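The values are calculated or read from the model by the stated rules, or taken from the named source; none is laboratory data. Keep in mind it's a predicted model, so treat the numbers as computed, not measured. Positions of Cβ are generated from backbone atoms using ideal geometry, with glycine treated the same way; all protein chains shown enter the neighbour counts. Remember, those area values only see protein heavy atoms, side chains included, never the ligands or the DNA or RNA. Shrake-Rupley method; radii C 1.70, N 1.55, O 1.52, S 1.80 Å.
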Amino acid sequence: MSSDKIKKAIDFLKTKSLELDKIKNVQQGNTWKASLQASLTSYLGTDSVIISRLENLYFTKRISSNNSNVISSRNVYDENKKDNFKNLIESAISHIETHGILENKKKGNMFESFNNAQLIGGLFVAGTLVFGIGNFVGKIEKDREIVETNNKLQLLEDKYQMSIEKNKYLKNENEILKTKIELK
């Protein structure tokens, strides 16, 4: 961890703590809170308990009123809520001094943890598997086509045999008719 980054983070948080005194309304407070949250997220990460705590802090308090038998409530700016934010910033500074800031790891691809020999071996195995599966599927497809062709050939042979039988029958009928005509 870079001590320069840690120092900058702590200095930024101290500046944010001083800026609290300038906040005079809810709008300014919400803008300040968003800036603080963005910075703390980059310093501590999204899973930090300090970030969760910050999300539950507000610059307002709820006031209820009972006017002419109507009970109502509203949120109003409360100057005393700033102390909660100051305590949170002090906790964040203490945490950073003790544990440092979150190091942003560069996001790489899923293969970055493998060395070249492992990658080449994996590619060879994957290529062999793809070739083998393609070859197997190709053989199955070829066998299916052969079976279909054989079935079609068998149908044609059956039709051919039926045609020959029909031709013989018609020739025989023709001969019978010739004989009948000659006899007359």
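How much length is gained if the chain between GLU182 and GLU19 is pulled fully straight, taking 0.36 nm per residue apart and subtracting their Cα-Cα distance, in nm to one decimal?
45.7 nm
Which value, in Å² rounded to 10, gives the accessible area of TYR160 with a 1.4 Å probe and all protein chains present?
Roughly 140 Å² of TYR160 is accessible to a 1.4 Å probe.
Work out how much length ASP78 to GLU175 would gain on full extension: take 0.36 nm times their residue separation and subtract the Cα-Cα distance, in nm to one decimal.
Full extension from ASP78 to GLU175 adds 22.8 nm.
In segment 113-184, with Lys and Arg counted as +1 and Asp and Glu as -1 at Cβ, which of these residues, PHE124, ASN174, PHE114, has the Cα nearest the positive end of the dipole, that is, farthest along it?
Towards the positive end, the residue furthest out is ASN174.
Any aspartates and glutamates with Cα under 19 Å of the LYS139 Cα? List them, leaving off those in the same chain fewer than 8 positions away.
List returned: GLU148.
Compute from the Cα atoms of segment 1-85 the Rg and the Dmax, the latter being the longest Cα-Cα distance, and quote both in angstrom.
Taking only Cα atoms of segment 1-85, I get Rg and Dmax of 16.5, 63 Å.
Which ³J(HN,Hα) values in Hz, rounded to whole numbers, follow from the phi angles of segment 161-166 under the Karplus curve 6.51 cos²θ - 1.76 cosθ + 1.60, where θ = phi - 60° and Gly and Pro get x?
Each residue of segment 161-166 in turn: 4, 5, 5, 4, 4, 5 Hz.
Report the full-extension gain for the segment ASN30 to GLU145: residue separation times 0.36 nm, less the Cα-Cα distance, to one decimal in nm.
My answer for the length gained is 34.2 nm.
Only four residue types carry charge here, +1 at the Cβ of Lys and Arg and -1 at the Cβ of Asp and Glu. Report the dipole size of segment 54-184 about the Cα centre in Debye, rounded to the nearest 20.
Using only the charged Cβ atoms, the result is roughly 560 debye.
Let me understand the chain better: what is its radius of gyration from the alpha carbons, and its Dmax, in angstrom?
44.1, 135
Taking the alpha-carbon centroid of each part, what is the distance from segment 116-184 to segment 1-32 in angstrom?
Centre-to-centre (Cα) distance: 82 Å.
Out of the total accessible area of the chain (probe 1.4 Å, heavy atoms of protein only), what percent is carbon and sulfur?
56 percent
With r defined as the distance between the Cβ atoms of VAL137 and GLU103 and R0 fixed at 45 Å, what FRET efficiency is calculated, to the nearest 0.05?
Once the sixth-power term is evaluated, E becomes 0.40.
Return the long-range amide H neighbours of THR60 (sequence gap of 5 or more, or a different chain), with a cut-off of under 5 Å between placed amide H atoms.
Under 5 Å from the amide H of THR60: ASP78.
How would you classify segment 86-184 from its alpha-carbon gyration tensor, with a ≥ b ≥ c the square roots of the eigenvalues: rounded for a/c under 1.5, else prolate if a/b is greater than b/c, otherwise oblate?
The shape class here is prolate.
How large is ³J(HN,Hα), in whole Hz, for each residue of segment 117-129 in order, when computed from phi with the Karplus curve 6.51 cos²θ - 1.76 cosθ + 1.60 and θ = phi - 60°, using x for Gly and Pro?
So the J values, rounded to whole Hz, are 4, 5, 5, 5, x, x, 5, 5, 4, 5, x, 5, 4.
I'd like the orientation of helix 82-99 relative to the chain: the angle between its Cα long axis and the longest Cα principal axis, in ° from 0 to 90, rounded to 10.
Helix 82-99 sits roughly 70 degrees off the main axis of the chain.
Along segment 144-153, what does the Karplus equation 6.51 cos²θ - 1.76 cosθ + 1.60 (θ = phi - 60°) give for ³J(HN,Hα), rounded to whole Hz, x for Gly and Pro?
Per-residue couplings from phi come out as 5, 5, 5, 4, 4, 5, 5, 5, 5, 4 Hz.
Counting heavy atoms of the protein chains only and a 1.4 Å probe, report the per residue accessible area for the chain as a whole number of Å².
Heavy-atom SASA per residue in the chain reads 80 Å².
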